[in-house]
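Working notes, beginning with the structure itself.
The values are calculated or read from the model by the stated rules, or taken from the named source; none is laboratory data. Predicted, not measured: the structure shown is a model, and the values here were computed from it. We place every Cβ from the backbone using ideal geometry, glycine too, and count neighbours over all the protein chains shown. Ligands, DNA and RNA are excluded from the accessible area calculation, which covers all protein heavy atoms including side chains. Shrake-Rupley method; radii C 1.70, N 1.55, O 1.52, S 1.80 Å.
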Amino acid sequence: MTKRVLIVGGGVIGLCTAYYTAERGFDVTVCDRGLESDLGCSYGNAGMITPSHFVPLAAPGVIRLALKWMANPESPFYMKPRFDRRLIDWAWKFYRAATVEHVLRSSPLLLELNLAGRACFVQLASAWNDFDLEQKGIIMICNTEEGMSHEMATAEMSRELGLAVQILDAKQLAAMEPDLQMRVAGGIYFPKDAYLAPWRFMSALKKRVPVHWQTPVQLHVNGDRVDSEFKADEYVICGGAWSSTIARDLQLDLPMQAGKGYSLTLQHPKRTPRHAMILSEARVAVTPMNGSLRFGGTMEITGNDLSINPARVRGIIKAVPKYLPEFSADDFRDVKPWAGLRPCSPDGLPYIGRFARYKNLSVATGHAMMGLSLGPITGKLMADVLTGEDPSIAIEKLSPDRYA
């Protein structure tokens, strides 16, 4: 008898999990409470596949930098002050995780996951032929010596981990981007990074994975198992920033905060870079996407609030001309900002695997800014979990019970 799997959540993690699980012969159903037109984080992100992003969100120096940025409403990071027990608990766990030891333990795993995810994208792009994968690498652009020094440390760590990296001065950057004027001190080029238009990838997934939209699922406890009105043998929570709420209803602790990000997409940019890039000090991603150009950034911890904060948008717009002087605020005047909520765990690692408390409940969430990059490999790993096979990558550090 074919095993039935119900996946809660129709974003990139849920759809990739559904795709690879169905490939193993399971009868898979995906339900999402939202509208197909909602266009959450799986659509509005920067479209980057990033082996270069192997340092977890919880790292030394991050808290000091965050406190500095808190005073500026247009900075790359903002946490809305509020008395919230879960936020305080998350912040304490983040503080405890932000150590050198944690980075050294976690970076090899994040790199392995991202490289495996990149390999999945290469295979899917070739097999499906209905989304474009740009394997040109991504450049970290710095306009200060301090920023360059910070990125040089990451470059050195990249080399120690075996990831290809090139350190560029301003002249070498100009040679790589001859169509752009740039104000830069230098940059770091990661040739193994890649990028795509996320809506094209999601469209390709939805051709292969049907989704029941506007279909909320109420999971409830039934002894050592969970059940719902949609009968299944296995249930997988892929609810993004809302996954913690689903888990709490089942007496499970899955610490997470929603990190709001913003993007603005120029449909007819005056200049288009030949590579995707990240404006390092400003934390702004710049991605060419099928003729358009997307600028994305910020991390705003404000709960599950999707409202647009104009100050956060201004921060992105003001940052761009500091690096790319041919662009100005006028270019963004008629652009509608997008906002989405990224699920952030306290230690910067995703939750992937089974809950020990229930025999038929798993979760895949908490990928923060790497949801797209890690989507396919997460789907593959969840298919391993559901078949009872040893995962292709050791995921013990990603256990959803690590804060239980």
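The condition of being more than 29 Å from Asp193 (Cβ to Cβ) and buried (at least 24 other Cβ atoms within 10 Å of the Cβ) holds for only one of Asp27, Asp32, that being Asp32.
When region 164-196 is filtered for residues that are open to solvent by 10 Å² or more (accessible area, probe 1.4 Å) and assigned to a loop (DSSP other than H, G, I, E, B), the ones remaining, listed by number, are Ala164, Val165, Pro178, Asp179, Leu180, Gln181, Met182, Arg183, Val184, Ala185, Pro191, Lys192. Of all the listed residues (Gly240, Gly259), the sole one being open to solvent by less than 70 Å² (accessible area, probe 1.4 Å), modelled with pLDDT under 95 and touching a helix residue (DSSP H, G or I) at 6+ places or on another chain (Cβ under 8 Å) is Gly259. Taken together, the residues in region 340-357 that are within 20 Å of Gly14 (Cβ to Cβ) and open to solvent by 10 Å² or more (accessible area, probe 1.4 Å) amount to 4. Residue by residue through region 197-229, note down the ones that are among the hydrophobic types (A, V, I, L, M, F, W, C) and either closer than 25 Å to Glu23 by Cβ or buried (at least 17 other Cβ atoms within 10 Å of the Cβ) (or both). Within region 197-229, Ala197, Trp199, Phe201, Met202, Ala204, Leu205, Val209, Val211, Trp213, Val217, Leu219, Val226 qualify.
Of the residues examined, Arg118 is not one that is of a type in the set (Lys, Arg) and open to solvent by 40 Å² or more (accessible area, probe 1.4 Å). Restricted to strands (runs of 3 or more DSSP E) entirely inside region 1-93, those with at least 2 residues that are modelled with pLDDT of 95 or more are 4-8, 27-31.
For Arg312, the conditions (1) open to solvent by less than 30 Å² (accessible area, probe 1.4 Å); (2) without any contact (Cβ under 8 Å) to a residue 24 or more places away in the chain are fulfilled apart from (2). In region 370-391 there is no residue matching the filter, namely being under 18 Å from Ile49 (Cβ atoms), outside any helix (DSSP H, G or I) and open to solvent by less than 50 Å² (accessible area, probe 1.4 Å).
Of the strands (runs of 3 or more DSSP E) lying entirely inside region 223-299, the ones with 3 or more residues being of a type in the set (Gly, Ala, Ser) are found at 257-266.
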